[in-house]
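Student: Structure provided below as structure tokens; questions to follow.
Read-outs throughout are calculated quantities, based only on the coordinates presented, and are distinct from any laboratory measurement. Owing to the predicted nature of the structure, the values given are computational and were not obtained by experimental measurement. Cβ coordinates were reconstructed from backbone atoms using ideal geometry, including for glycine residues, and neighbour counts include every protein chain displayed.
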């Protein structure tokens, strides 16, 4: 059977990981929310334990993930002269087709400095660089009409015409499936603007904060009753563990605007997905985390790969969870990405319990 062909579109970055020795985590608790901040001595010299170079960016992370799963992958990104060849060489070493990568002299390749904390989380200092100059003109339109799947990642440009161009291709070629992980610039514009693209999106991926911003609908702890009559959808307490967040109202908004399958992640609190009929919850696999950067891309590519292989949405959550769990065991967004055979073998040895309930 011929391998599926996938195009990944979005960002590419050169990453520098820094593990600071002297830092603190400051937590602010409010009645309905909490925030955490990484603190360094102001005006002081902060010693670091380690520095590592790696690669990231949604399009390159998912591209390498799909290549390791055995699919035929092309990646469309834009790089600058600085670090650009390193990004390309890294993709080619993984078997990703780089012929459609564009180069620009207008800026450097996107660059990120990642501060890793003692808790395994990270703060990213991101420079968008060449990612800002990826345009619809950079898309290989004819080649895109002959693919099986397109994975659209974060786009750095607020008024990007790439989604509109892809929508034309999708309408003309209904056999093509789209997976979409919107960026901040798209989220700010609200879900109503993207109704037509949502109708053609097979898999929509966001974390809970992104989903809340996109739909302008809040999430809340499971089982907490709200007085607001607009918040009328609530899950049975037995469906979600007490630490999880109730995203049922958010799901309802997505399906009201044409979504097909929505997957919302919540870090160590697990993930939830829905096809508009049922809502699924999948917990994370507890283990020590080294670095969480790239966990979302690993999860999304794992879920997408499982769906491509004919798995149900319920089972696909397990693939994504395991792929993300492996990636956060390493520094960088790509080192721990698994092959399909590795995922299938490990899933047989693990008992991941995915619960479900009817989405009212």
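Student: Say R0 is 35 Å: what FRET efficiency, to the nearest 0.05, do residue 256 and residue 42 get from their beta-carbon distance? Write out the running numbers ahead of the final one.
Tutor: Working: r = 47 Å, r/R0 = 1.34.
The computed FRET efficiency comes out at 0.15.
Student: What is the spin-label model distance, in nm, from residue 26 to residue 339 if the labels are put 7 Å beyond Cα along the C-beta direction?
Tutor: My value for the distance between the label points is 4.9 nm.
Student: Could you tell me the calculated FRET efficiency between residue 35 and residue 113, based on Cβ-Cβ distance and R0 = 25 angstrom, to the nearest 0.05?
Tutor: The formula returns an efficiency of 0.75 here.
Student: Taking other Cβ within 10 Å of each residue's Cβ, how do 8, 201, 355 sort, fewest first?
Tutor: 355, 201, 8
Student: Same structure again: How much FRET efficiency would the formula 1/(1 + (r/R0)^6) give for residue 288 and residue 141, where r is the Cβ-Cβ distance and R0 is 41 Å, rounded to 0.05? Walk me through the numbers before you get to the answer.
Tutor: Details: r = 46 Å, r/R0 = 1.11.
Given R0 = 41 Å and the Cβ-Cβ separation, E is 0.35.
Student: In addition: Between residue 209 and residue 309, what is the label-point separation in nm under the 7 Å Cα-to-beta-carbon projection?
Tutor: That separation, rounded to one decimal, is 3.2 nm.
Student: Using a Gaussian network model of the chain whose springs link C-alpha atoms within less than 10 Å, name the residue from 334, 186, 161 with the highest mean-square fluctuation.
Tutor: Highest fluctuation of the listed residues: 161.
Student: Test of understanding: extend the Cα→C-beta vector of residue 99 to 7 Å, then name every residue of the stretch 62-81 with backbone N under 20 Å from that spot.
Tutor: 63-64, 66-68, 70-79
Student: Ranking request for peptides 39-47, 299-307, 97-105, 59-67: highest mean number of other beta-carbon atoms within 10 Å first, then the rest in descending order.
Tutor: 59-67, 299-307, 97-105, 39-47
Student: Still on this structure: Along the Cα→Cβ direction, 7 angstrom out, place labels at residue 351 and residue 158. What is the inter-label distance in nm?
Tutor: Those two pseudo-labels are separated by 5.2 nm.
Student: Can you pull the semi-axes for the chain, root of five times each eigenvalue of the Cα gyration tensor, sorted largest first, whole Å? Please list the in-between numbers first.
Tutor: On the way: eigenvalues 167, 144, 85 Å².
Listed largest to smallest, the semi-axes of the chain are 29, 27, 21 Å.
Student: Another question, then. Report, for the chain, the % of DSSP beta bridges that are antiparallel, rounded to 5.
Tutor: Antiparallel bridges make up about 50 percent of those DSSP assigns within the chain.
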